[in-house]
1. In the stretch 70-92, which residues are over 18 Å from residue 215 (Cα atoms), surrounded by 19 or more Cβ atoms within 10 Å (Cβ to Cβ) and either touching a helix residue (DSSP H, G or I) at 6+ places or on another chain (Cβ under 7 Å) or at pLDDT below 95 (or both)?
2. Could you go through the stretch 179-198 and let me know if any residue there is in a helix (DSSP H, G or I), in contact with a helix residue (DSSP H, G or I) (Cβ under 6 Å, 6 or more places away or on another chain) and within 16 Å of the ligand (Cβ to nearest atom).
3. Going by the conditions given, is residue 154 within 16 Å of the ligand (Cβ to nearest atom) and either more than 19 Å from the chain's Cα centre (by Cα) or outside any helix (DSSP H, G or I) (or both)?
4. Output the residue which, of all residues in the stretch 46-60 that are assigned to a loop (DSSP other than H, G, I, E, B) and away from the ligand (no atom under 14 Å from the Cβ), is surrounded by the most Cβ atoms within 10 Å (Cβ to Cβ).
5. Considering each of 126, 119 in turn, give the residue that is farther than 13 Å from residue 196 by Cβ, within 16 Å of the ligand (Cβ to nearest atom), more than 17 Å from the chain's Cα centre (by Cα) and at pLDDT 95 or above.
6. In the set 63, 67, 43, which member is buried (at least 24 other Cβ atoms within 10 Å of the Cβ) and more than 16 Å from the ligand (Cβ to nearest atom)?
7. Given the stretch 66-146, what helices (runs of 4 or more DSSP H) lie entirely inside it while holding 3 or more residues that are in contact (Cβ under 8 Å) with a residue 12 or more places away in the chain and more than 18 Å from residue 52 (Cα to Cα)?
8. Given the conditions (1) more than 16 Å from the ligand (Cβ to nearest atom); (2) surrounded by fewer than 16 Cβ atoms within 10 Å (Cβ to Cβ), and given that residue 165 satisfies all but one, which numbered condition is not satisfied?
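The values are calculated or read from the model by the stated rules, or taken from the named source; none is laboratory data. Keep in mind that this is a model prediction, so the values were computed, not measured. Every residue, glycine as well, gets a Cβ built from its backbone with ideal geometry; the counts of neighbours run over all protein chains shown.
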Ligand SMILES: [Zn+2]
């Protein structure tokens, strides 16, 4: 009777480990930023850019509301369209590393994880003049080796607390119904959206742009801030410890 019991426990342990690897709020494999303390703030984050034309349209929408956001960029697209990266920086937004080619890092050996992060860092440093500080793993996939490579490179992992499921959204409305109710909380939520697509450059993100415009209109009294502007900790929101 012992054997079946053991296998039940191992299955539970394995599935918990799986949860810790991919779930945005899990802290089992090391501290990652998932939200801030100030309910007057919202941190919009956009992954998988730069993208044409949706990143630039998003910059227009954000500028109309004097909102700041954070863009987690894919290195190969940075190489392809450095002009869009420069436009993001010029508009005062924050930029983070989202790897060079967007693999799921939990399946890669440590050496390849390091290469992905370093190649993206180099692409960004060529445009920014310095290496980025923030990092978001593709698909939220992480494990101890991923976080320790990130730490070696001086990168702070940033996850999210609210997702718009916009990568396959069929309307702006469908994104809003997932995001808006979650923003009435008593803390600063980090919202995951996408201005690009990891499968190919040029993904249609018009629904995300429209959903962002409506979110900004819905919350005129909230401050839309970049990740490093999240208040309430000694390093402007990005002091993380393992
Ligand atoms: Zn991504």
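1. Within the stretch 70-92, 73, 75, 78, 84, 85, 88 meet the criteria.
2. The answer is no, given that none of the residues of the stretch 179-198 is in a helix (DSSP H, G or I), in contact with a helix residue (DSSP H, G or I) (Cβ under 6 Å, 6 or more places away or on another chain) and within 16 Å of the ligand (Cβ to nearest atom).
3. Answer is no for this residue.
4. 52
5. Within the list 126, 119, the selection yields 119.
6. The match here is 43.
7. Correct list: 110-128.
8. (1) is the only condition that residue 165 fails.
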